[in-house]
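The values are calculated or read from the model by the stated rules, or taken from the named source; none is laboratory data. Owing to the predicted nature of the structure, the values given are computational and were not obtained by experimental measurement. Here the Cβ positions follow ideal geometry from the backbone for every residue, glycine too, while neighbour counts run over all protein chains shown.
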Amino acid sequence: MHGPALSGWLLMLLCGITSAYCVLRARSGTAGERRAAHADAVMGFGMAAMAVPAALLTLPDWMWAVYTVAFGGAAVRALVGARRSGHHLHHLVGSLAMVYMAVAMAPGAGQGGHAAHAAAGAAGGVPVLTGVLLAYYALYVLRSAGRLIPVDTAAGGSDGRGGGAPGGPGIAWGARPELAMACRLTMGLAMFAMLLTL
């Protein structure tokens, strides 16, 4: 029991910190970047709440219905926004995955909902659908990690951002695209880990 509880704590902490940074990101940038940061923050906070170890808090039965409705609404919003940006398609998949996990972990869907999830023993879910989502998130994580690898752009080793050292005066922390990508990579890994428990 200690191992799964520890993984729940780590997932909760990781998603919570990542989401807090997404809230900071939402304070700057274009309107589209702010919308994406808000969507990332909602997804991360939802994942953090879902990962709360059962030893700390046993969620009431109705909470799974709240998750389903909330992330169903997020999926509709992402579907509407998908015409503007490819990142909305990722939010659509993520929101639908959250709905799927909430339904699969609800009491009566498997072996006891949140407690089973926290113990990495939830028996809910459709294996084929879980496998498709795991494959999607594995590819997403690999692609995101590849985009974080620095590339020499010109003689002199400048990366083209003109900001000097990280956190320097050239660019704000909230506007650093590599940090936004690192947040998305982190949440992709957390989603992959949560899907493994189904």
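If you check Gly174 against the conditions, is it of a type in the set (Gly, Ala, Ser), surrounded by 12 or more Cβ atoms within 10 Å (Cβ to Cβ) and modelled with pLDDT of 60 or more?
No: the conditions fail for Gly174.
Would you please name the residue that is nearest to Ala193 (Cα to Cα), looking only at residues in the stretch 19-50 that are of a type in the set (A, V, I, L, M) and at pLDDT below 85?
By that ranking, first place goes to Ala36.
Can you find, within the stretch 34-61, the residue that is surrounded by the fewest Cβ atoms within 10 Å (Cβ to Cβ) among those that are free of Cβ contacts under 8 Å to residues at least 24 places away in the same chain and not hydrophobic (A, V, I, L, M, F, W, C)?
Going through the qualifying residues, I end up with Pro60.
This table checks each residue for (1) touching a helix residue (DSSP H, G or I) at 6+ places or on another chain (Cβ under 9 Å); (2) at pLDDT 65 or above; (3) closer than 26 Å to Val23 by Cβ.
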{"position": "Met98", "(1), (2), (3)": "yes, yes, yes"}
{"position": "Ala102", "(1), (2), (3)": "yes, yes, yes"}
{"position": "Val126", "(1), (2), (3)": "yes, yes, no"}
{"position": "Arg147", "(1), (2), (3)": "yes, yes, yes"}
{"position": "Val151", "(1), (2), (3)": "no, yes, no"}
{"position": "Gly157", "(1), (2), (3)": "no, no, no"}
{"position": "Glu178", "(1), (2), (3)": "yes, yes, yes"}
{"position": "Gly188", "(1), (2), (3)": "yes, yes, yes"}
{"position": "Ala193", "(1), (2), (3)": "yes, yes, yes"}
